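K.L.:
Sharing a structure, written as structure tokens. Questions coming.
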Amino acid sequence: MNLVVKNGRVVDPARKIDAVTDILIRDGKIRAIGKADNADLPQFDATGLIVAPGFFDIHVHLREPGTEEAETIATGGAAAVAGGFVAVAAMPNTKPPNDNPSITSYIVSEARRSSPALVFPIGAITKEQKGETLAEIGEMVEAGIAGVSDDGKPVMDGRLFRRALEYAQLFDLPVIQHCEDLHLSKGGVMHEGAMSARLGLKGIPAAAEDTMVSRDLILAEVTGGKYHVAHLSTRRAVEMVRAAKAQGMKITAEVTPHHFTLTDRAVSEYDTNAKMNPPLRSQEDVDALRAGIADGTIDVIACDHAPHHINLKMLEFDRAPFGITGLETAVGLALTQLKLPLPRLIEMFSLNPQKIMRITPWGVFEGSGAHLTVLDPSRQWKFDVNQSRSKSRNSPFHGWELKGKAVGTIVGGKVVYEDRK
Amino acid sequence: MALKLSYQLMTAAEVRDTLEALADQIVSANGGRPVVLLGIQRRGIPMAQRMAARIGTRTGQQPQMGMLDINLYRDDLTKVATQPVVHRTEIPADIDDKDVILVDDVLYTGRTVGSALRALIDFGRMRTIQLAVFVDRGHRELPVEANFIGKKITTKQTEVVEVRLAEIDGEDAIYVMEKT
Amino acid sequence: MKRKDLLGIQELAREEILEILDTAETLQEISTRPIKKVPALRGKTVINLFFEASTRTRTSFEIAGKRLSADVVNVTASTSSVSKGETLIDTAKTLDAMAADCVVIRHSSSGAPHTIARMTKARVINAGDGAHEHPTQALLDALTIRQRKGRLDGLKVAIVGDIAHSRVARSNAHLLTKCGSHVWLCSAPTLMPVGGHELVTENCEFLHRTHSMEEALQGADIVMMLRVQFERMDESFFPSVREYFRYYGLTRQKVEQAKPGAIIMHPGPMNRGVEIATDVADGPYSVILDQVSAGVAVRMAILFLMLGGQSS
């Protein structure tokens, strides 16, 4: 694909670029950065907009194979580009789970065929995500995985998790852990606190996450493995990650937009669109997450996009599944809720995710894949869940007024999403 | 809805005299037989109490007394959208074969009395049910008439007859008010 | 009743609580008549929708509705059919199709009545949802207390048992603190809810928590014992029945720590010998049977206040 991105403010902190200029794209790759007068090529007018290295959401559930009524690789990809993401990393808890190279290959080829966004599969750590024996990680690497995780579930067995951290180093793969001690959290459906006590709902204590983060950080130190904490949600966990980083450990951590925006008060009317795991927690936890974002303790914003068919979310709070969608609101929430300097925002949405995952990186440099996100930080808009490109509607942000939006997504030089006023 | 005084129908003295006269009529009409006075909530109750005292003085025998709240027996047309407060109902246990005198302040459409009759059916088989009212103001919607009437007047439907009794309102009087 | 539904005590104002109790007191007389019926709710349809078994509460609502001449229908919805994918919205739509005026719902999931109430035109009464609230139980407890003690303020009420999983404890905590009485929640540490010190959102200083039954019972005017569920032992909340009874069961000696004339209450059904000794349950200060009679009166009052007005 050929394209000229004209007149945008191009910002790539990794290459120290921040200037109003043009980007010339030929055959899907960036050929030149600088004034381009190629009137013969298709133009994308980025006047007044920000052009950044394409955003990458490294925690997304695409539900294919197995639960296509909630989402497919095609619709998940469409939602991703509508949220400004050129790429997503897909978690392995599909049906069947992605624990072997044939499922990985299926996902890769289906994504190539139908998804406007790049899809990097994440392979399971253990066979069938049962937490008992290692999955065929090496073979999955050859098929194209960019990381490993048993997300949805933690790896409870310390010895097995240690093996995973050691073995994954062979392939320089990040090991991503959903931190939850299943014994401590058993039966819980929301954050354990005053709100859960009042509502009569079983709580998931912060301790369920903290005890596992604590254990994992020790194992990461002992093994030297590349450890990444998924969806941090507690004050204590943020503090532990901060301390570990201060000691020079190469661990990374992510946070979701809903965790830095909402507290457990969102559950007060038993709204199942406020039910997810880890749950929305207290104001104290939200404040700690925001501080962790500001001071660099948290590296990445990833939305944990977890679509569910509308029928399933219309059940009693106890019985509804965990999870909300998030691809189309992530950037808007980050711009509205956090007051981040632009380079930091781009770091969290693009540069750091690329550093963590095992992929060929892109950016604003000659020879890079032409994957760009175009932002309008001052666009006022209202999120209408019924217009979402996802198949599912489980979002607590319907009707929210947001300021700041991704208004263009370019993948391989092709404009796959555009939102002109 | 605001009310404006149209005229005063009875003074305190007239109120007291009328109640005594009603009590005397009840005694004569019932040939000295013991009666049960049932006050209809709310103002029927102090009326019945005073009449019972008078009958007790006259005959040497205090009649049995009771009270009836008709809010549980309203028909559809008299039901109110906002819930009225339900007051006590106390009916003497041995009501069979007795002469029961329903006592109420104003007889208007007759629906309150209709509700009271519906209520009494389930309490036993009385010998007679009679009705004593302070004011009969006309405009009946049911075939109901009182046996004992304090005063009979004609009224407009825009008027409201207010019976005031010291036990509830701090004074004895009857006013006719106009809705404005 | 101005609000559409009665889903919990938490959202009620003190005046609303007193209105229900006053109305209940006047309606209680109906149950003493030879013909225990008034036509107040003639032609109204009340559906008892019980997703969780309960003979006691359901029968109480049924009698209450029938004494007011309402048509009461019992529907026992088994949760297994719901687990086959039937959603609460289908239930709500069915109720509207049947033109129910009022639905009484008991469900094992906290919040289920709220969800159904949002989706149906019928007025919803919560007869117990999960561990969340059981408003009519708290109201009948309050009526019993008021009739025995003459007031609802300035009392010390000890509630002893599995507080963490008890909707009765929550509803009573809300009601009694709103009315100005001190509530002492007492249980083993494993059975006290985390965050329980914020269980009520107003009059919080009237709510106390303790692990010591002695401290809870000391000078109490009212001792309310909660039912213990045996399944709790499987989840290691306490090691055995014997141990539970020793530390948290109500015996005659423990009753003597309360104020002389203290009344003993229990929402029923009782586990004799687990949370309450037989001689205490049947003793002179037990008002457990009064609670049953108050239950019918309170439920009559609520049905009357909700449905007794003009047909719309």
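The values are calculated or read from the model by the stated rules, or taken from the named source; none is laboratory data. All values derive from a computational prediction rather than experimental measurement. Methodologically, a virtual Cβ is constructed for each residue, glycine included, from the backbone with ideal geometry; neighbour enumeration extends over all protein chains shown.
K.L.:
Can you name the residue in the stretch A:298-315 that is surrounded by fewer than 24 Cβ atoms within 10 Å (Cβ to Cβ) and not β-branched (Val, Ile, Thr) and, of all such residues, is nearest to the chain's Cα centre (by Cα)? Don't jump to the end; show me each part of the working.
P.N.:
Taking the stretch A:298-315 as the starting set, the residues that turn out to be surrounded by fewer than 24 Cβ atoms within 10 Å (Cβ to Cβ) are A:309-315.
Still in the list and also not β-branched (Val, Ile, Thr): A:309, A:311-315.
Numbers: A:HIS309: 20, A:ASN311: 25, A:LEU312: 23, A:LYS313: 22, A:MET314: 26, A:LEU315: 27 Å.
Among them, the one singled out is A:HIS309.
K.L.:
Kindly evaluate A:GLY76 against the criterion of being buried (at least 24 other Cβ atoms within 10 Å of the Cβ) and outside the structural domain of A:LYS414 (by TED's automatic domain parsing).
P.N.:
Yes; evaluated as a whole, the condition is true for this residue.
K.L.:
Still on this structure, please answer the following. Filter the stretch C:303-312 down to the residues that are touching a Ser or Thr at 6+ places or on another chain (Cβ under 8 Å) and buried (at least 24 other Cβ atoms within 10 Å of the Cβ) and list them by number. Before you say what the answer is, go through the steps one by one.
P.N.:
Pass one, the stretch C:303-312, residues touching a Ser or Thr at 6+ places or on another chain (Cβ under 8 Å): C:304-305, C:309.
Matches in the stretch C:303-312: C:PHE304 only.
K.L.:
Could you run through the stretch C:153-180 and say how many residues are touching a helix residue (DSSP H, G or I) at 6+ places or on another chain (Cβ under 7 Å) and among the hydroxyl-bearing types (Ser, Thr, Tyr)?
P.N.:
Total satisfying the criteria: 2.
This table checks each residue for (1) assigned to a loop (DSSP other than H, G, I, E, B); (2) free of Cβ contacts under 8 Å to residues at least 40 places away in the same chain; (3) surrounded by fewer than 24 Cβ atoms within 10 Å (Cβ to Cβ); (4) not assigned by TED's automatic domain parsing to the domain that holds C:LEU18.
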{"residue": "C:LEU140", "(1), (2), (3), (4)": "no, no, no, yes"}
{"residue": "C:ASP153", "(1), (2), (3), (4)": "yes, yes, yes, yes"}
{"residue": "C:VAL157", "(1), (2), (3), (4)": "no, no, no, yes"}
{"residue": "C:ALA169", "(1), (2), (3), (4)": "no, no, no, yes"}
{"residue": "C:LEU176", "(1), (2), (3), (4)": "no, yes, no, yes"}
{"residue": "C:GLY180", "(1), (2), (3), (4)": "yes, yes, yes, yes"}
{"residue": "C:GLU202", "(1), (2), (3), (4)": "yes, yes, yes, yes"}
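K.L.:
Go through the stretch B:122-153 and count every residue that is part of a loop (DSSP other than H, G, I, E, B) and either touching a strand residue (DSSP E or B) at 6+ places or on another chain (Cβ under 7 Å) or of a type in the set (Gly, Ala, Ser) (or both). Show your work before the answer.
P.N.:
Looking only at the stretch B:122-153, we keep the residues that are part of a loop (DSSP other than H, G, I, E, B), and these are B:122-127, B:137-147, B:153.
So of that shortlist, the ones also either touching a strand residue (DSSP E or B) at 6+ places or on another chain (Cβ under 7 Å) or of a type in the set (Gly, Ala, Ser) (or both) come out as B:124, B:126-127, B:137-138, B:146-147, B:153.
Adding up the residues that qualify gives 8.
K.L.:
Being more than 26 Å from C:ILE30 (Cα to Cα) and of a type in the set (Val, Ile, Thr) is true for just one of B:THR89, B:THR112, B:THR59. Which residue is that?
P.N.:
The match here is B:THR59.
K.L.:
Select from the stretch B:82-120 the residues that are away from chain C (no Cβ under 11 Å) and among the polar types (S, T, N, Q) and list them in ascending order.
P.N.:
B:THR109, B:THR112
K.L.:
Could you give every pair whose Cβ atoms fall below 6 Å, whose first residue belongs to the stretch C:108-121 and is facing chain A (nearest Cβ under 9 Å) and over 18 Å from C:THR94 (Cβ atoms), and whose second residue is of a type in the set (Gly, Ala, Ser) and surrounded by fewer than 20 Cβ atoms within 10 Å (Cβ to Cβ), counting only separations of at least 6 or pairs across chains?
P.N.:
Close Cβ pairs satisfying both conditions: none exist.
K.L.:
I would also like to ask the following. Return the residue satisfying two criteria in turn: it lies in the stretch C:263-289 and is in contact with a Ser or Thr (Cβ under 6 Å, 6 or more places away or on another chain) and crowded, with 18+ Cβ neighbours inside 10 Å, and of such residues it is nearest to the other protein chains (Cβ to nearest Cβ).
P.N.:
This residue is C:VAL287.
K.L.:
If a residue has to be more than 14 Å from chain A (Cβ to nearest Cβ) and not acidic (Asp, Glu) to count, how many in the stretch C:91-107 make the cut?
P.N.:
Residues of the stretch C:91-107 more than 14 Å from chain A (Cβ to nearest Cβ): C:94-104.
Then keep just the ones that are not acidic (Asp, Glu); that gives C:94-95, C:97-100, C:102-104.
Selection size over the stretch C:91-107: 9.
K.L.:
Quick one: which strands (runs of 3 or more DSSP E) lie wholly within the stretch A:1-49 and hold at least 2 residues that are within 25 Å of A:LYS421 (Cα to Cα) and either outside the structural domain of A:LYS405 (by TED's automatic domain parsing) or not charged (D, E, K, R) (or both)?
P.N.:
The qualifying strands (runs of 3 or more DSSP E) are A:3-12, A:17-26, A:43-45.
K.L.:
Inspect the stretch A:45-61 for any residue being surrounded by fewer than 23 Cβ atoms within 10 Å (Cβ to Cβ) and closer than 30 Å to A:LYS130 by Cα and give the result as yes or no.
P.N.:
Looking through the stretch A:45-61, none of the residues is surrounded by fewer than 23 Cβ atoms within 10 Å (Cβ to Cβ) and closer than 30 Å to A:LYS130 by Cα.
K.L.:
Which ones in the stretch C:123-181 are within 14 Å of chain A (Cβ to nearest Cβ), of a type outside the set (Gly, Ala, Ser) and over 15 Å from the mean Cα position of the chain (by Cα)?
P.N.:
Selection gives C:VAL124, C:THR177.
K.L.:
Could you check A:GLY225 against (1) under 23 Å from A:GLU284 (Cβ atoms); (2) not hydrophobic (A, V, I, L, M, F, W, C); (3) not in a helix (DSSP H, G or I) and say which number it fails?
P.N.:
Every condition holds for A:GLY225 apart from (1).
K.L.:
Then there is this: C:ALA301 - would you say it is under 23 Å from the mean Cα position of the chain (by Cα) and away from every other protein chain (no Cβ under 14 Å)?
P.N.:
No.
K.L.:
Within the stretch A:189-201, is there a residue that is in contact (Cβ under 8 Å) with a residue 24 or more places away in the chain and surrounded by fewer than 22 Cβ atoms within 10 Å (Cβ to Cβ)?
P.N.:
No, the stretch A:189-201 contains no residue that is in contact (Cβ under 8 Å) with a residue 24 or more places away in the chain and surrounded by fewer than 22 Cβ atoms within 10 Å (Cβ to Cβ).
K.L.:
Additional query: Of all residues in the stretch A:266-296, count the ones that are polar (S, T, N, Q) and surrounded by 23 or more Cβ atoms within 10 Å (Cβ to Cβ).
P.N.:
So the answer is 1.
K.L.:
Only one residue in A:ASP22, A:ASP57 is acidic (Asp, Glu), in contact with a strand residue (DSSP E or B) (Cβ under 9 Å, 6 or more places away or on another chain) and within 17 Å of A:LEU118 (Cβ to Cβ), so which one is that?
P.N.:
Every option except A:ASP57 fails the conditions.
K.L.:
Scan the stretch A:293-320 residue by residue and report those that are within 14 Å of another protein chain (Cβ to nearest Cβ) and under 20 Å from A:HIS61 (Cβ atoms).
P.N.:
Taking the stretch A:293-320 and keeping what is within 14 Å of another protein chain (Cβ to nearest Cβ), we get A:308-320.
Passing the criteria: A:HIS308, A:HIS309, A:ILE310, A:ASN311, A:LEU312, A:LYS313, A:MET314, A:LEU315, A:ARG319, A:ALA320.
K.L.:
Could you tell me whether A:ASP150 is crowded, with 24+ Cβ neighbours inside 10 Å, touching a residue at least 40 places away in the same chain (Cβ under 8 Å) and among the charged types (D, E, K, R)? Outline the logic, then answer.
P.N.:
Values: crowded, with 24+ Cβ neighbours inside 10 Å: yes; touching a residue at least 40 places away in the same chain (Cβ under 8 Å): yes; among the charged types (D, E, K, R): yes.
It is true that A:ASP150 is crowded, with 24+ Cβ neighbours inside 10 Å, touching a residue at least 40 places away in the same chain (Cβ under 8 Å) and among the charged types (D, E, K, R).
K.L.:
Shifting gears a bit: Any chance you could count how many residues in the stretch B:119-143 are in contact with a Lys or Arg (Cβ under 9 Å, 6 or more places away or on another chain), surrounded by 17 or more Cβ atoms within 10 Å (Cβ to Cβ) and on the phi < 0 side of the Ramachandran plot?
P.N.:
The qualifying residues number 6.
K.L.:
Okay, moving on. Kindly indicate whether C:SER69 is more than 19 Å from the chain's Cα centre (by Cα), at pLDDT below 85 and either more than 23 Å from C:ILE20 (Cβ to Cβ) or more than 14 Å from chain A (Cβ to nearest Cβ) (or both).
P.N.:
The answer is no for C:SER69.
K.L.:
Scan the stretch C:1-14 residue by residue and report those that are within 14 Å of chain B (Cβ to nearest Cβ) and either under 18 Å from the mean Cα position of the chain (by Cα) or modelled with pLDDT of 95 or more (or both).
P.N.:
Result: C:LEU6, single match.
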